[in-house]
Structures are given as C-alpha cells and as structure tokens.
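These notes concern the structure reproduced below.
The values are calculated or read from the model by the stated rules, or taken from the named source; none is laboratory data. Here the structure is a predicted model, which means the values were calculated and not measured. Note that each Cβ is placed from the backbone with ideal geometry, even for glycine, and that neighbours are counted across all protein chains shown.
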Amino acid sequence: MPRSLPACRVWRPSSAGPVIEPLRIDLDAQGRVGGLARGDTNDVLPWAVPGVANLHSHAFQRAMAGLAERRMNPQDSFWTWRETMYQLAARFDPELLRDVAAQLYAEMLEAGYTRVCEFHYLHHAPDGRPYADPAAMSRALIEAAREAGIGLTLLPVLYMSGGFDGRALGDRQRRFGHSIDAYLRLLETLRAEQDERLRVGCALHSLRAVPPDAMREVLAALPADSRIHIHIAEQTGEVEECVARRGARPVDWLYANADVDARWTLVHATHLTREETKRIARSGATVAICTTTEANLGDGFFPLLDYMAQGGRFGVGSDSHATVSLVDELRWLEYGQRLLHRHRTLAVDDSTRSVGETLLAAVIRAGADAAGQGSAVAAGVLQPGADADLVTLQAEHPALYAASDADVVDRWLFGSNRPAVDAVWVGGLQRVSDGRHLQRDALEARFAAGMKRLLAD
Ligand SMILES: [Zn+2]
C-alpha cells in the first residue's frame, strides 16, 4: 500500500463552509487518513473531493435499467414497474447477483461514489427457501464489493408482510421474507465479518412490510450505534393506506412509535406535510433522496427547500440504478426545485452561495454518517482516522479549463457533459484511473454473460 496519496488541491466541507487547499494525504496501516501535509498554495495540482457514499442501492435492479420504459398500461406507475422488477428478481441466484453488483459497484466508483449502502432483500432461493448458507446472497454482495473495491454498508432488509393489513407475502415476495429470529441471526452472522471496508446495519423494508411489534422487537435487539434505514412515504398510495390502517401518515406514525434520531436514514420521504418535514429535520435523521429513480418512477418531489430551511440532513442514492451518476443526482436535485419554483440557485445554505458546493457538502457529511463511517466530521472530511476515500477530477477537461477554487465544484456538477472523474481511492487503494475502473474489462465481461443468461427465454 502506498504511504500517501498523490498531492491534490482538495475541496472539502467544514463547519465554517467549504475549504480548498493543496494537501497530501498520508495513510496509516489500515488505509485510513494518518495525517495531512499542506503544500504550497501556488502548486499546480489536480482538483480532488472526498468520496461520497451512495445511500440507497438495490444492486440487482441494475439489470433492469431501460427495460421498463415501454407503456404496458395507461396507468403505469411505481406499482406496475414493481411487477417487472419482481419477474426479474425471481431469476437471480448468488452468482448472477455477484456479477451484476460488481459491474454496478465499478460504475459507482467511476462516478465518484466510494461507499454504497446496499438495501438488500433478495435473501432466499426463488421458492422462498433459505440457501444452504442463509447468508449466500449477502455474501455475493460482499464479494462484489471486494472485487470492485467499493466500501460496503450492507443493510439486510427485514420484510415480513405484503401490506399494511399484515397479509402474508405473495409468491414473488417469498424470497424476501424472514422470521424475526432468522433475521437477527443473519445480522449477527454478518456483523461478525465486519472490517474496514464492510459495515453492517439494519433495514426495515417499509411500514407496510414490517408489522409494528416486529419493528419494536428488532429495534430493541440492535447494537446501540446501528444504522437503521427504511423506505418511507415514497408513494401517495402508501401514505393513504397508512392513514387508513394505522390512523397516521407514515412519518408521523414512525416518530410516534420509534425513537428516530441520527442513526436513522429515511429513504425517499417524498410525501411530507410541513410538520413531518420539520420533525425529520429536528430529529437529526438523514433523508436519502434518490432523485433519478424518483423521476424514473414518477414518485414526486422531495420538499428540499423547506427541509434545508429547517437544517435537515440529506444524502443521495441511485436506488434502481436507471442512472448511476453522482453529477445527475445532485444536478437534478436542484433542477427539480427550479422547475417547480421557476427560480434559479435555490439549494444554497449560509456557508457558501454556490449550489454545487452546498449540495456536495451536504451529501458528503450526512452520507458518511448514514453509512456508518463514523461521525461526519471524522469520516466525511478527511480528518486523521477517517477512511482515505478520495476522488480526483481530470486536469484536462472541458468543464474545468481555467477553473478557480471558487467555481470548480459548480463547473463539475453543472457543466460537465462527459464524466470528469479521473482517479478514485477507497481506503487508500486506487480503484479508478483515467476515469476507468482498473478491472473494468473483466467485470464487464462477467456482467455481459450474466445479462445474456438473465434475459434468455
Ligand atoms: Zn429502494
């Protein structure tokens, strides 16, 4: 392992606003940041930013990108998309999951993500029976992450019922299901295997898939610092059903029935009242906004400006992976608000007037915490002890010619029409060079063979 990363002009968030300075990151024996050596401000160096965590992923869905864009029904929605997704999910085994995930994770690294929170519910064989090793599908994801070299926060999903009425899982959902005991055993098995690169948290699929008593029992059994992710309020249908069955909107119900704090990540949280928006912001929870997937599925707009005004924390996730682009997630987070409000430069905070810097700082800090990388300050901004996850931008790139400290992030996020990521390091190890993952060809060959197998009649 190299003892230090190449010197770069590193942009990073701080409590007083973004700072940019020439730095050489020295590594400790575990590939963490050991120390920072400051260079001469006049040095000509490549720009770099800290790695970003992708807060929400269902890796197998990478295989269906572009396969649900044909109108099958005038009422096409999330719910009809889900039918296509279930058909595809039924064809996955551990080997195919590993090969699709490894391709996806390499693509994430090329996009500038250095860690992924994998919201994993494809646990068992298609008929619902556990594999000989009940963690076989989890291990496929762990292997994929190791091959690609991305940091993995594995979030095994508890999925118990097919709706708010507590109905049993349907045939195609059977491979997602666990009893509470079996679920806690899976978490325990996987937690014992954690290392620098692998962290294990907990995911509750959604309020409709986890009965209230089961939720309480599992939450009580978790380690005190466990990260907890949950899909919530993505669909208006889900909100209405929750009101009908539990007498409250999903976020209101969750806050009344669980101790929601900074350990929690609420995925989507698209349909909120002002009071719910304020509640999430005040609790310190993170919202994982999945802009490109929410657009693809026609979910709706997250109330970003209201939430930011309350100091709410958020990260981004590529979720269904129709798009795997950090640039697109952040750019469209802002563009969605511009289209809604018919104004420009909206998502800004007090520390910088730059939209790009505001958004990037937010997702770096909240993302590291939500992914269990330690406190935002320690993990997100390359302080000693943090993961040495760094992304450099191409020196010779049309979006960045004659860039300055003040405009480099905005030019990357709003002006690059081809990918501008140059090199990527995760835990001090280089995984991407010249914009290409170092194992791109080998991983892509396996992905190609897997896709042929998946889509064969
Ligand atoms: Zn999801």
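Just checking, which of E147, E118, E143, E110 is of a type in the set (D, E) and either within 16 Å of the ligand (Cβ to nearest atom) or over 27 Å from A442 (Cα atoms) (or both)?
Of E147, E118, E143, E110, the one residue that is of a type in the set (D, E) and either within 16 Å of the ligand (Cβ to nearest atom) or over 27 Å from A442 (Cα atoms) (or both) is E118.
Taking the listed residues D389, D410, D422, the one that is within 23 Å of L104 (Cα to Cα), among the charged types (D, E, K, R) and touching an Asp or Glu at 6+ places or on another chain (Cβ under 8 Å) is D422, with no other qualifying.
Could you list, in sequence order, the residues of the stretch 295-309 that are within 16 Å of the ligand (Cβ to nearest atom) and assigned to a loop (DSSP other than H, G, I, E, B)? Passing the criteria: G298, D299, G300, F302.
Output the residues belonging to the stretch 174-185 that are closer than 16 Å to L222 by Cβ and surrounded by 22 or more Cβ atoms within 10 Å (Cβ to Cβ). Can you show your working first?
Residues of the stretch 174-185 closer than 16 Å to L222 by Cβ: 178, 180-185.
Selection gives H178, Y183.
Look through A256, A262, A285, A248 and report the one residue that is closer than 14 Å to A370 by Cα, away from the ligand (no atom under 16 Å from the Cβ) and surrounded by fewer than 18 Cβ atoms within 10 Å (Cβ to Cβ). Result: A262 is the single residue among A256, A262, A285, A248 that is closer than 14 Å to A370 by Cα, away from the ligand (no atom under 16 Å from the Cβ) and surrounded by fewer than 18 Cβ atoms within 10 Å (Cβ to Cβ). Considering A395, A402, which residue is in contact with a Pro (Cβ under 8 Å, 6 or more places away or on another chain) and either in a loop (DSSP other than H, G, I, E, B) or surrounded by fewer than 21 Cβ atoms within 10 Å (Cβ to Cβ) (or both)? It is A395. Of the residues making up the stretch 118-173, just one is under 19 Å from the mean Cα position of the chain (by Cα), in a helix (DSSP H, G or I), among the hydrophobic types (A, V, I, L, M, F, W, C) and surrounded by fewer than 24 Cβ atoms within 10 Å (Cβ to Cβ), namely I142.
Before we move on, is V239 aliphatic (A, V, I, L, M) and closer than 27 Å to F78 by Cα? Outline the logic, then answer.
On the way: aliphatic (A, V, I, L, M): yes; closer than 27 Å to F78 by Cα: yes.
Considered against the rule, which asks whether it is aliphatic (A, V, I, L, M) and closer than 27 Å to F78 by Cα, V239 comes out as yes.
Only residues that are more than 14 Å from the ligand (Cβ to nearest atom), buried (at least 19 other Cβ atoms within 10 Å of the Cβ) and not polar (S, T, N, Q): list them for the stretch 265-278, please.
So the first thing to find is which residues in the stretch 265-278 are more than 14 Å from the ligand (Cβ to nearest atom), and the list is 271-278.
Add one more test, that the residue is buried (at least 19 other Cβ atoms within 10 Å of the Cβ), and what stays is 271-272, 276-277.
Of everything in the stretch 265-278, those that are more than 14 Å from the ligand (Cβ to nearest atom), buried (at least 19 other Cβ atoms within 10 Å of the Cβ) and not polar (S, T, N, Q) turn out to be H271, L272, E276.
Just one of (1) assigned to a strand (DSSP E or B); (2) acidic (D, E); (3) at pLDDT 95 or above fails for E95. It is (1).
Residue-wise test of (1) within 16 Å of the ligand (Cβ to nearest atom); (2) surrounded by fewer than 19 Cβ atoms within 10 Å (Cβ to Cβ).
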residue: A281; (1), (2): no, no
residue: T293; (1), (2): yes, no
residue: G311; (1), (2): no, yes
residue: G315; (1), (2): yes, no
residue: D319; (1), (2): yes, no
residue: L326; (1), (2): no, no
residue: L333; (1), (2): no, no
residue: H341; (1), (2): no, yes
